[in-house]
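Working notes, structure below.
Coordinate-derived values only; no laboratory data. Computed from a prediction, not measured in an experiment: that's the story for all the values here. Every residue, glycine among them, receives a Cβ derived from its backbone with ideal geometry; neighbour counts consider all protein chains shown.
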Amino acid sequence: MKKKSKKALIIVLIIIIIEGILSVGLNHELQIGFDEGKFVIRNVESEKSIQDQITHEFQNYKIVKLFGKFTINWSVLRVILFVDLFLILFAALVRWKMHLIPGKLQIIAELIYTFFSNLVIETVGEKKKYFTPYIFTIFVFIWICNIIGMIPIPGNLEPTRNLNVPLGLGLMALVIVHYTAIKEKGMKLYLKEYAEPISFMLPINIVGEVAKGISLSFRLFGNILGGAIIILVVSNLTRFILIPVGLNLFFGLFIGTVQAFVFTMLVLSYTAVAIK
Amino acid sequence: MESEIIRAAALLGAGICMGFGAIGPGIGEGFTAGKACEGIARSPENAGLLTRTMLVGQAVSESTGIYSLVISLLLIFAV
């Protein structure tokens, strides 16, 4: 029984791979069926070119109008709300069954939280560890946002793929960094820092501060969007056989985790520089 | 005719932009990884800290490549 199923699996795999080789080509499709009483396998040009597909995939957003003036990108907002719901549920489940001897969920939450708590204490010092909740939240949110695109449900795109989401996160980080700097150092010292080392450098310093937030958000956006485009194009080349799994593992899990970590780490180090 | 020339120039520009933009991050990230390897070989007990710093540094030096990616995407889809 076992041998038979193994053999069947191998045969199916070989058929799939042959199918893939036969139909290889960017704008082509494989047709198998009966045409005028004859059995045919042929390679036809597909109706949608790869460029149309990419445009459809990355610009086809559902826009909802509110009060006639505000426009809301519903297809991105939906996924963000789903992520929020997931995080709230997770937090509630962990908080509900809090024990001295931790359960499985509590161990996961405590692991991540302890890691970031140690990181914050290492970077900005013991006294300012009230930063930990923000850093922890921003990491978990971006992380879930990045890896949610791996779940194969139609319309389940990464929210960070749209520029508005990373730009909002970057702006929020900038505001928090400067607010903390003013709170810790006082207005006078904070303003004086812009004229360092000489007052002539004022515009350059201001541009540098703005560029921090922009580079932060563009890095996240570019990485996720580039990964998504590469997944789409290579999947089309290989007719969606086997390769997309590995690509999703690399671009979804690895790059997503690294970029979420890098975002939080950079926000943390900007804060450490600003309040020093 | 004219629009076709513009389109061709935009596609050519996108390819050149991505190709040249990938040189800098490639060299920078490889250099960082090599130095981190040396550091870990010298003091294996600091491996976690070194890896963390390496990842952050690589992500920062990667951003120029990401800018060129954004520019080439603009050239392909917006022009």
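Take each residue in B:34-45, count the other chain C-beta atoms within 10 Å of its C-beta, and the mean is 0. With R₀ set to 45 Å, the beta-carbon distance separating A:LYS62 from B:GLU45 gives a calculated FRET efficiency near 0.30.
Given contacts defined as C-alpha pairs under 8 Å and at least six residues apart, what's the relative contact order of chain A, whole-number percent?
Values: 229 pairs, mean separation 56.4, N = 276.
Once normalised by length, the contact order is 20 percent.
Once both labels are positioned 7 Å from their Cα atoms along Cα-to-Cβ, the gap between B:GLU38 and A:ASN164 label points is 4.8 nm.
Residues A:ARG219, B:ARG42, ranked from the fewest to the most other C-beta atoms within 10 Å, line up as B:ARG42, A:ARG219.
Between helix A:50-59 and chain A there is an angle of about 40 degrees, using the helix long axis and the longest principal axis of the Cα atoms. Exposed loop positions in chain A were taken to be chymotrypsin sites (Phe, Trp or Tyr not before Pro) whose DSSP state is not H, G, I, E or B and which have at most 16 other beta-carbon atoms within 10 angstrom. Between these positions, the longest stretch is A:68-239.
Between B:PHE31 and A:ASP84, the distance separating the two model label sites (each 7 Å from Cα on the Cα→Cβ line) works out to 4.4 nm.
Length, then width, then depth: along the principal axes, the Cα atoms of the protein assembly as shown run 86, 66, 59 Å. Relative to the longest principal Cα axis of chain B, at what angle does helix B:2-21 sit, 0 to 90 degrees, rounded to 10? Orientation of helix B:2-21: about 10 degrees from the principal axis. Take each residue in B:55-61, count the other chain C-beta atoms within 10 Å of its C-beta, and the mean is 5. When you restrict to C-alpha pairs under 8 Å that are six or more residues apart and normalise by the size of chain B, the relative contact order lands at 54 percent. The label point for A:LEU253 and the one for A:LYS48, both projected 7 Å from the Cα toward the Cβ, are 2.8 nm apart.
Helix A:255-274 and the longest principal axis of the C-alpha atoms of chain A enclose an angle of approximately 10°. Across all C-alpha atoms in region B:1-78, the radius of gyration and Dmax reach 18.2, 65 Å. Volume per residue of the convex hull around the Cα atoms, evaluated for region A:119-219, comes out as 116 Å³.
Stretch A:ILE153-A:GLU122 to full length: gain in nm at 0.36 nm per residue minus the Cα-Cα span? Could you put the intermediate results ahead of the total?
Numbers: separation 31, 0.36 × 31 = 11.16 nm, distance 4.03 nm.
Answer, rounded to one decimal: 7.1 nm.
Averaged over peptide A:218-231, the number of partner chain Cβ atoms lying within 10 Å of each residue's Cβ comes to 3. Between A:LEU189, A:LEU119, A:LEU225, the residue with the greatest mean-square fluctuation in the GNM of chain A (Cα pairs under 10 Å linked by springs) is A:LEU189.
Here the protein assembly as shown is treated with +1 on each Lys and Arg Cβ and -1 on each Asp and Glu Cβ, and its dipole about the Cα centre works out to around 1200 debye. Give, as ranges by residue number, the residues of region A:150-173 whose backbone N falls under 15 Å from the point 7 Å along Cα→Cβ of A:PHE70. Within reach of a label on A:PHE70: no residues.
For A:LEU169, neighbours were defined as the other residues whose beta-carbon sits under 14 Å from its Cβ, and their charges (Lys and Arg +1, Asp and Glu -1) total +1.
Before rounding to the nearest 500, sum -39500 (n - 2.57) across all DSSP H runs of length at least 4 in chain A and divide by the residue total; then give [θ] at 222 nm in deg cm²/dmol.
-22000 deg cm²/dmol
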